[in-house]
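*Asks:* Quick one: the structure is below, questions incoming.
The values are calculated or read from the model by the stated rules, or taken from the named source; none is laboratory data. Quantities reported herein were computed from a predicted structural model and do not represent experimental measurements. Note that we place each Cβ from the backbone using ideal geometry, even for glycine, and neighbour counts take in every protein chain shown. When the accessible area is computed, the model is the full protein with side chains, heavy atoms only, and any ligands, DNA or RNA have been set aside. Shrake-Rupley method; radii C 1.70, N 1.55, O 1.52, S 1.80 Å.
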Amino acid sequence: MDPILLITAILAVVLLKVTPILLAAIGGSFTQTGNVLNIGLEGMMLMGAFAAVSVGAITNAFVGIFAALVAGLVMAVIFAIAVLVFKADAIVVGIGINLLAAGLAVLLLTVLYGNAGATPPGVQANLPKINLGIIGDIPVIGTMLNNQTILVWVALLAVPAYAFVLYRTRYGVHLRAVGEDEPAALAAGINVFRVKFISILLSGAFAGVAGAQLAMATVGTFTSGMTASRGFIAVAALTFGLARPYRTMIACLIFGVAEALADQLGLLGVNSSLSLTLPYIITIIALVFASVRVRAAFKARTKKALQAADAAAPAPAAA
């Protein structure tokens with residue numbers, strides 16, 4: 001097989017694999033920037049996937065995307081009320097959201113379709129592919145982007161859009177201020193509750209759409225637990241990328257490559273259990289590196305603050 005065609009095919013698979021992770025990571029980056037760690041992305045993705053297939057099967061794929069977005073928003077509202085109104089711990093609430101979504105998905109599958117494992121064969125919804133015409137004939141880049149779903153393009157455009165919101169809008173300035181120093185943001189008159197609430201809604205919307213891509217891009221059906229910890233991988237990616245737009249995208253690409261490589265290893269006859277652990281091994285390594293970087297940055301800021309305090313302290317009076 002032509003090496004260029006092989007590379008192009010692998011890159012197309014990587015793009016397909018990375019899209020749900022990137023969408024969820026961008027959503028989670030909003031809350032992380034506001035100093036709220038949303039590990040409930042997994043559950044929001046799962047409910048988005050279920051809503052996309054169940055609604056898209058009786059309407060069309062675009063209505064399914066909207067249903068996924070709404071499903072993600074509903075889960076995000078539950079998360080926001082628990083964390084912001086009742087002051088519950090965000091980690092505990094995130095775990096609760098994931099457990100709620102897993103149980104609710106099984107319940108809805110049983111009630112609606114009589115099968116707790118998956119939607120029946122007749123319930124199917126697929127996202128249409130976008131043909132780029134002559135642009136798709138461009139070697140590597142064109143071929144890689146040709147016949148991808150609309151949500152792949154949404155994910156790619158979401159990165160610069162997130163960067164614009166974060167650094168070029170009033171809301172982005174307020175979000176970063178809240179994340180860096182919440183008491184100072186309050187003193188400056190920023191509505192911290194509103195800023196955090198919007199960030200959580202955005203994370204739910206992105207995670208729901210990520211679920212739609214996961215369910216409707218290839219198989220077009222829903223399976224219980226089909227997110228397979230991709231929400232946690234998204235959390236790892238945004239943590240590794242420090243919730244910065246392009247760093248987070250690069251981290252997601254690394255995980256996408258790992259997942260695509262795991263598929264290729266499986267095709268080559270490598271033990272499937274071993275190959276499927278590859279993305280999670282890389283996730284652990286990335287989190288370790290991220291932790292080291294965060295601790296180093298914290299120590300540097302602390303040292304700088306102490307030096308500034310020492311410099312500002314008045315000199316002792318002469319005897």
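*Asks:* Looking only at segment 175-203, which residues are open to solvent by 30 Å² or more (accessible area, probe 1.4 Å) and closer than 20 Å to residue 85 by Cβ?
*Replies:* 182, 183, 186, 191, 193, 194, 197, 198, 201, 202
*Asks:* Scan 82, 67, 90 and give me the residue that is among the aliphatic types (A, V, I, L, M) and more than 30 Å from residue 173 (Cβ to Cβ).
*Replies:* After ruling out the rest, the residue left standing is 67.
*Asks:* Only residues that are open to solvent by 50 Å² or more (accessible area, probe 1.4 Å) and in a loop (DSSP other than H, G, I, E, B): list them for segment 117-139, please.
*Replies:* 121, 122, 124, 126, 128, 131, 138, 139
*Asks:* Exactly one of (1) open to solvent by less than 50 Å² (accessible area, probe 1.4 Å); (2) of a type outside the set (A, V, I, L, M); (3) outside any helix (DSSP H, G or I) is unmet by residue 35. Its number?
*Replies:* (1)
*Asks:* I need every pair where a residue in segment 206-217 that is outside any helix (DSSP H, G or I) has its Cβ under 7 Å from the Cβ of a residue that is open to solvent by 10 Å² or more (accessible area, probe 1.4 Å), sequence separation at least 6 or different chains.
*Replies:* 217/16
*Asks:* Sticking with this structure for a sec: Taking segment 215-253 on its own, how many of its residues are aromatic (Phe, Trp, Tyr), open to solvent by 40 Å² or more (accessible area, probe 1.4 Å) and over 21 Å from residue 284 (Cβ atoms)?
*Replies:* The number of residues fulfilling the criteria is 1.
*Asks:* Residue 302: at pLDDT 70 or above, more than 21 Å from the chain's Cα centre (by Cα) and of a type in the set (Val, Ile, Thr), yes or no?
*Replies:* yes
*Asks:* Do we find a residue being of a type in the set (S, T, N, Q) and touching an Asp or Glu at 6+ places or on another chain (Cβ under 7 Å) anywhere in segment 54-61?
*Replies:* No, segment 54-61 contains no residue that is of a type in the set (S, T, N, Q) and touching an Asp or Glu at 6+ places or on another chain (Cβ under 7 Å).
*Asks:* For residue 211, indicate whether it is under 23 Å from the mean Cα position of the chain (by Cα), closer than 23 Å to residue 233 by Cα and not charged (D, E, K, R).
*Replies:* yes
*Asks:* Is there any pair linking a residue in segment 153-182 that is more than 14 Å from residue 31 (Cα to Cα) and assigned to a helix (DSSP H, G or I) to one that is open to solvent by 30 Å² or more (accessible area, probe 1.4 Å) and of a type in the set (A, V, I, L, M, F, W, C), with Cβ under 6 Å and at least six apart or on different chains, and which?
*Replies:* Short answer, once both residue conditions are applied: 159/249.
*Asks:* Something else: Report every pair of residues separated by at least 6 positions or lying on different chains whose Cβ atoms are under 7 Å apart, first residue within segment 187-201 and over 13 Å from residue 173 (Cα atoms), second of a type in the set (A, V, I, L, M, F, W, C) and outside any helix (DSSP H, G or I).
*Replies:* As it stands, the answer is 200/36, since those pairs meet every condition given.
*Asks:* Identify the single condition in (1) more than 16 Å from residue 51 (Cα to Cα); (2) open to solvent by less than 30 Å² (accessible area, probe 1.4 Å); (3) more than 25 Å from the chain's Cα centre (by Cα) that residue 90 does not satisfy, given that it satisfies every other one.
*Replies:* The number of the failed condition is (3).
*Asks:* From the residues in segment 49-76 that are open to solvent by 50 Å² or more (accessible area, probe 1.4 Å) and either touching a residue at least 24 places away in the same chain (Cβ under 8 Å) or of a type outside the set (Val, Ile, Thr) (or both), which one is farthest from residue 24 (Cα to Cα)?
*Replies:* 60
*Asks:* Moving on to the next point. With within 14 Å of residue 224 (Cα to Cα), open to solvent by 70 Å² or more (accessible area, probe 1.4 Å), under 22 Å from the mean Cα position of the chain (by Cα) and not small (Gly, Ala, Ser) as the only criterion, which of 100, 104, 112 stands out?
*Replies:* None of the other options fit; the residue is 100.
*Asks:* Being under 19 Å from residue 44 (Cβ atoms) and open to solvent by 40 Å² or more (accessible area, probe 1.4 Å): is that true of residue 206 here?
*Replies:* Yes: the conditions hold for residue 206.
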